[in-house]
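One structure is given here, and the rest of the page talks about it.
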Amino acid sequence: MKIAVLWSSPNTDGLTAAAKDQFLSGLQKTDAKIEEIHLNKLQIEHCEACGRGWGSCAVTGQCWKKDDFSNVYEKLVQADGIVLVSAVYWHDITECMKAFLDRLRRCETAHNHFLSGKRCILIACAGGTGLGAIECLHNMEDTLKHMGMRAYDRIPVIRYNKEYMLPALVAAGEMYAERIVSGFDMQY
């Protein structure tokens, strides 16, 4: 079983990194093969909405840009489970995560459908007031729905709940891996 953990924050020792690490430690208690992908370390350009807004991705399922996008996309296609972990900026995901998901959505929705039906974990980490974490999670899930993907859980981690949420992420990681193997009991 392969699980891709896609995360985005420029701060490698902050709240988002801590949340990712806790979730990973839960996954590591299982037989999961883990692929950790730090978007801030990669070159992923923004979508240019080429071709009068539709682009070649709608026809071919591939973006014409030569950067790290297609390599990360392939890792998600090969994964049995996907975890998205993002810092919260302005009540939304990071710009790196947004750039990746915008391009992914265009390839998936218009043509490929490789990720349809995959169950994901969404984690939003807000270090400020925490007010944007829920809205960020909603935005991530809305993007997934366009691609036919499903959120298994949505986890807000904020500076006011980190003392109990960070340890809970270990159990969440372990349970997620177990559910990928044994199946999910939720419908929607």
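The figures follow:
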| item | result |
| --- | --- |
| Label-to-label distance, nm, for residues given as Glu163 and Asp102 (7 Å Cα→Cβ offset) | 4.0 |
| Whole-Hz ³J(HN,Hα) from phi, Karplus 6.51 cos²θ - 1.76 cosθ + 1.60, for the range 44-57, glycine and proline x | 10, 7, 6, 5, 9, 6, 5, x, 6, x, 9, x, 5, 4 |
| Solvent-accessible area, 1.4 Å probe, carbon plus sulfur percent, for the chain | 51 |
| Spin-label pair Asp142/His91, simplified geometry with 7 Å Cα→Cβ offset, distance in nm | 1.0 |
| Value of [θ]222 nm, deg cm²/dmol, for the chain, DSSP H segments ≥ 4, -39500 (n - 2.57) each, nearest 500 | -12500 deg cm²/dmol |
| Karplus 3J(HN,Hα) series, Hz, for the range 58-64 with 6.51 cos²θ - 1.76 cosθ + 1.60 (x for Gly, Pro) | 5, 9, 9, x, 10, 8, 6 |
| Accessible area (Å², per residue) of the range 1-92, counting only protein heavy atoms and a probe of 1.4 Å | 53 |
| Share antiparallel - DSSP beta bridges, the chain, percent rounded to 5 | 5 |
| Lys pairs, the chain - Cα-Cα below 20 angstrom, 8 or more residues apart or on other chains | 28 |
| Gain on full stretching of the segment that runs from Ala58 to Glu135 - 0.36 nm per residue minus C-alpha separation | 24.9 nm |
| Folded to 0 to 90 degrees: helix 133-146 orientation relative to the chain principal axis, Cα | 40 |
| Per-residue ³J(HN,Hα) for the range 68-84, Karplus 6.51 cos²θ - 1.76 cosθ + 1.60, θ = phi - 60°, Hz, x for Gly and Pro | 7, 4, 5, 5, 5, 4, 4, 5, 5, 4, 6, 7, 7, x, 10, 10, 10 |
| Cα gyration tensor, the range 1-143 - rounded (a/c under 1.5), prolate or oblate | oblate |
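The values are calculated or read from the model by the stated rules, or taken from the named source; none is laboratory data. In this text, all values refer to a predicted model and were calculated from it rather than measured experimentally. Reconstructed Cβ throughout: ideal geometry from the backbone, glycine too, with neighbour counts over all protein chains shown. Note: areas computed on protein heavy atoms with side chains; ligands, DNA, RNA excluded. Shrake-Rupley method; radii C 1.70, N 1.55, O 1.52, S 1.80 Å.
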